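Worksheet: one structure, shown below.
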Amino acid sequence: MPVYAVAVRIVKVPLGKRSYEIKIGTGLLARLGGECRKLGLSSQCAVITDSRVGRLYGAAAVNSLKAAGFEPVRLTFPAGEQQKNLTNVESCYTQLAKHRLERKSFVVALGGGVVGDLAGFVAATYLRGLPFVQVPTTLLAQVDSSVGGKVGVNLQAGKNLVGAFHQPRLVLCDLDALQTLPARELRAGLAEVIKYGIIWDARLFGRLERQMARLVTNDTAALAAVIARSCEIKAEVVGKDETEGGLRAVLNFGHTVGHAIEAVSHYGRFLHGEAISIGQVAAARLSRELLGLPSQHVERTIQLFQTAGLPTRLAVTPGLQRRLLNAMKLDKKVSLGALKFVLARRLGAVEFGCDVPDALLKRTLSQLNT
Ligand code: NAD
Ligand code: GLY
């Protein structure tokens, strides 16, 4: 599909001295160097990317930086969630040292959430912290992972167990990059967009209902508007609660069950967005039982995920139910607290820190069969 230029939208993440902008538009990768210049960054930098994104967009990023007078070095690791690990972090450190990056040098994270999390963690820790710029190339990264400063990697023992909060200096969302994204990855990103409608903005939810057929075809103009609105919501939440003392937990709607689904399927069967699609269906049903979310809103939620081509059902055998509950309890141990859920009172309004009785949770997991 041809990509038409759309006006650049700018969303501010309000964090005092560490505030930054998210720029959303077409043709932005070519402007990377100029945008970094405006930030007053020093000349040496590293573009960290994965093998797939590097092949597609690495040269454009490096050329733009060079044209603006920077001296970029490109670091590439293999694509895939399994690669978000400390071995690749160490290999980045080694290369940064070899190329003599200094305290004033900066890192560009070019890729999806895996690259953003890993490169951001490298930036957070090398020489006790370098500035970094996010250039997210998946829908999920543009609406979620590149914003808010959560960076980190996985251990054998679990996902995202090592990390930091390190805010980027700029997020550059080039909509053109989405044109090469596989359809399944685009749909997975839409699961996070739908989440913003449920937790924060009923009008966004309505817009998604009207436009989902266009959005799944990768329509740039339709995507631009919903990406910008998603970023506004994430920016507002992060601005109020950067380090997840409370409110930021609302971003985890559907994630308790979703993470358990990912864990029991060893991160192989479902993409994150697919797992949280099923998780949000479970959370909507729990919300109906505990907070009186109208049945009609539950039905609209399920319908919207289905229109987006996302899964809403799971064959939950008694054995799988046990494994899912165990996985959720492991999450609970990690957080050193009780298992808490984010639940919706109505579309656009959620509460966090909700208790769910065990029997209701089991019943809700069984309902995923239907
Ligand atoms: P990903 O980074 O693995 O990207 C998915 C695949 O698409 C990869 O193979 C990648 O090489 C490829 N790809 C990326 N951009 C492309 C493009 N424009 N064209 C073609 N192919 C492209 O996955 P993701 O879904 O972007 O991110 C998932 C990661 O994000 C997980 O590790 C998750 O934990 C993390 N995450 C972090 C946060 C946060 O707040 N930090 C939030 C949500 C998710
Ligand atoms: N993706 C959840 C968060 O950033 O808090």
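The values are calculated or read from the model by the stated rules, or taken from the named source; none is laboratory data. Everything numeric in this text was worked out from a predicted model, so none of it was measured. With ideal geometry, Cβ positions are generated from the backbone for all residues, glycine too; neighbour counts draw on all protein chains shown. In case anyone asks, the SASA skips ligands and DNA or RNA and just uses the protein heavy atoms, side chains included. Shrake-Rupley method; radii C 1.70, N 1.55, O 1.52, S 1.80 Å.
Quickly rank 170-181, 285-296, 114-125 as a protection proxy: mean count of other C-beta atoms within 10 Å, highest first.
Top of the packing list down: 114-125, 170-181, 285-296.
Peptides 8-16, 76-84 ranked from most to least packed give 76-84, 8-16, packing being the mean of other C-beta atoms within 10 angstrom over each peptide's residues.
Kindly identify region 1-86 as rounded, prolate or oblate by the Cα gyration tensor criterion: order the square roots of the eigenvalues as a ≥ b ≥ c, call it rounded if a/c is under 1.5, otherwise compare a/b with b/c, prolate if a/b is larger, else oblate. Rounded shape, in that the Cα axes give a/c under 1.5. Mind giving me the FRET efficiency for Glu102 and Lys240? R0 is 35 Å, r the Cβ-Cβ distance, nearest 0.05 is fine. The value I calculate is 0.50. To the nearest ten degrees, helix 358-367 and the longest principal axis of the Cα atoms of the chain are 80 degrees apart.
In a reduced charge model with +1 at each Lys and Arg Cβ and -1 at each Asp and Glu Cβ, the chain shows a dipole moment near 200 debye about its Cα centre. Cross-link list Lys104/Lys195; Lys12/Lys66; Lys38/Lys98; Lys23/Lys340: which exceed 30 angstrom alpha carbon to alpha carbon? Checking Cα-Cα distances, Lys104/Lys195; Lys23/Lys340 exceed 30 Å. Against the longest alpha carbon principal axis of the chain, how many degrees, from 0 to 90 and to the nearest 10, is the axis of helix 318-334 turned? Rounded to the nearest ten degrees, it is 50.
About its Cα centre, the dipole of region 158-317 is roughly 300 debye, where the only charges are +1 on Lys and Arg Cβ and -1 on Asp and Glu Cβ. Counting only protein chain heavy atoms and rolling a 1.4 Å probe, the accessible areas of His255, His166 rank, largest first, as His166, His255.
Placing dummy labels 7 Å off each Cα toward the beta-carbon, the span from Leu127 to Ala60 is 2.9 nm. A straight line joining the Cα centroids of region 276-291 and region 235-263 runs 15 Å. Taking the Cα centre of region 269-370 as reference, the dipole from Cβ charges on Lys and Arg (+1) and Asp and Glu (-1) amounts to some 200 debye. Entry comment: accessible area of the chain is 42 Å² per residue, from protein heavy atoms only and a probe of 1.4 Å.
Ranking Gln82, Phe352, Ile199 by Cα position along the charge dipole of the chain, where only Lys, Arg, Asp and Glu carry charges on their C-beta atoms, puts Phe352 farthest toward the positive end. For the chain, set up a Gaussian network in which alpha carbons nearer than 10 Å are linked by springs, and say which option among Arg169, Arg55, Arg323 fluctuates the most. Per the Cα network of the chain with a 10 Å cutoff, Arg55 tops the list. Residues Lys104, Lys234, Lys66, Lys17, ordered by accessible area of protein heavy atoms at a 1.4 angstrom probe radius and largest first, appear as Lys17, Lys104, Lys66, Lys234.
Scoring 267-277, 89-99 by mean Cβ neighbours within 10 Å over their residues and listing the highest first yields 267-277, 89-99.
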